[in-house]
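Structure, as structure tokens:
Here, each number is a calculation from the coordinates, and none is a lab measurement. These numbers come from a predicted model, not from an experiment. Positions of Cβ are backbone-derived with ideal geometry, glycine not excepted, and every protein chain shown enters the neighbour counts.
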Amino acid sequence: MTVIQTRGLSKRYKDSWAVDHLDLSVEQGDIYGFIGRNGAGKSTTLKLLCGLARPTQGEALIFGKPVRDSVARRRVGALIERPGLYPDLGGRENLRLCATLLGLDSPERQVAETLETVGLSPEEKKPVKHYSMGMRQRLGVALALLGGPDLLLLDEPINGLDPEGIREMRELFLRLNRERGLTILVSSHILGELSKIATRYGIIQRGRMVEQITAGELERKCADYLHLKADQPQRAAALLERELHLTRWEMRPEGEIRIYETVDARAVGQLLAQAGIVIEEMGLHRQDLEGYFLERMGGADHV
Ligand SMILES: Nc1ncnc2c1ncn2[C@@H]1O[C@H](COP(=O)(O)OP(=O)(O)O)[C@@H](O)[C@H]1O
Ligand SMILES: [Mg+2]
């Protein structure tokens, strides 16, 4: 089932397009990594997806319904830019207020459960103005989780966290995705933060979708050669060339063979084993993921 579908979604501010004919689709159960540089249009897209901004052109469907449909919108939890927190209140009080505004049943229980889910102590009395960045982001995610949404929209939730905080956030997203079946769209300007958890990626540059790709497709695309080291490299190469009709391969110094076309690694293994050739190393070499994304986001020079 498609959870988010946009067609030609566009938003113009004064004389520039913040979002420019964006076609984005997110399937149920996805953790969708929405990647782009600062100013690429991520926050604006997320605002359009939860009704905080109106499109200039195009449309966005959530669970098959327009964003303005109140039933569909109730299934969405969002954290966009900074969470709207009352600085002088504690975390628990902030959640309580939000739960009351949402008209939730048994708000106390939901507040306590949500605090536990994101790893904040219900006993924490400190006003949120004294919260660390990590605690603030957790509370922001807690606010988005109130009401039990089926879709979470999270705008750079990992921004400004330390490595430990990043790891914990990633684990939280995986848990919500696996245990509760939540579909999650999470934006970032740093790929490394999402590459461990995303099932699909959308790369946005100057308001436009440059590429939408599943994690599996990305892996295949980034695999650029099969690397092989054998105890008799010349014999191995001759055999492979003859039996597998290889044309795109090369012999590197120190007897490393690189095969640039798609071959079945098991077939290579069997063939060499039958000929009594010992394989010392074999594996797929991948293009660097970070490089792949930087190229598509518009070069590495203007972060
Ligand atoms: N309310 C606004 N008024 C005018 N321009 C805006 C507004 N919000 C965003 N923009 C512009 O739209 C572009 C995309 O911004 P934004 O969606 O915030 O990007 P991102 O979240 O990827 O950093 C930027 O050039 C930004 O300056
Ligand atoms: Mg933003």
Longer than 25 Å from Cα to Cα, which of Lys11/Lys129; Lys11/Lys221; Lys11/Lys196; Lys196/Lys221 are they? Say none if no pair is.
Lys11/Lys129; Lys11/Lys221; Lys11/Lys196
Once you mark the GluC sites (Glu not before Pro) that are in a DSSP loop and have at most 16 other Cβ atoms within 10 Å, what is the longest gap between them in the chain?
125-260
With the Cα gyration tensor of region 87-156 giving a ≥ b ≥ c as the square roots of its eigenvalues, does the rule (a/c under 1.5 for rounded; else a/b larger than b/c for prolate; else oblate) give rounded, prolate or oblate?
oblate
Efficiency of FRET between His227 and Glu27 - r from beta-carbon atoms, R0 35 angstrom, step 0.05
0.55
Inter-probe distance in nm under a simple model that places probes 7 Å from Cα toward Cβ, at Gln234 and Glu280
1.6
Per its Cα gyration tensor (rounded if a/c is under 1.5, else prolate when a/b beats b/c, else oblate), the chain is best filed as prolate
Compute the separation of the alpha-carbon centres of region 8-61 and region 64-130 and state it in Å as a whole number.
24
To the nearest 0.05, the calculated FRET efficiency linking Arg248 and Ile190 through their beta-carbon distance, R0 being 25 Å, is 0.15
Output the Kirkwood hydrodynamic radius of region 16-120, Cα pairs only, in Å rounded to one decimal.
16.1
For the chain, what is the charge dipole size about the Cα centre, in debye to the nearest 20, if Lys and Arg each add +1 at the Cβ and Asp and Glu each add -1 at the Cβ?
1220
The chain: calculated mean residue ellipticity at 222 nm from DSSP helix runs of at least 4, using -39500 (n - 2.57):
-10500 deg cm²/dmol
Which one, Ile4, Gly84, Gly216, is farthest towards the positive end of the dipole of the chain when Lys and Arg carry +1 and Asp and Glu -1 on their Cβ?
Gly84
To the nearest 10 degrees, the tilt of helix 163-180 (Cα long axis) against the first principal axis of the alpha carbons of the chain is 80
Prolate/oblate/rounded label for region 1-71 (Cα gyration tensor, a/c 1.5)
oblate
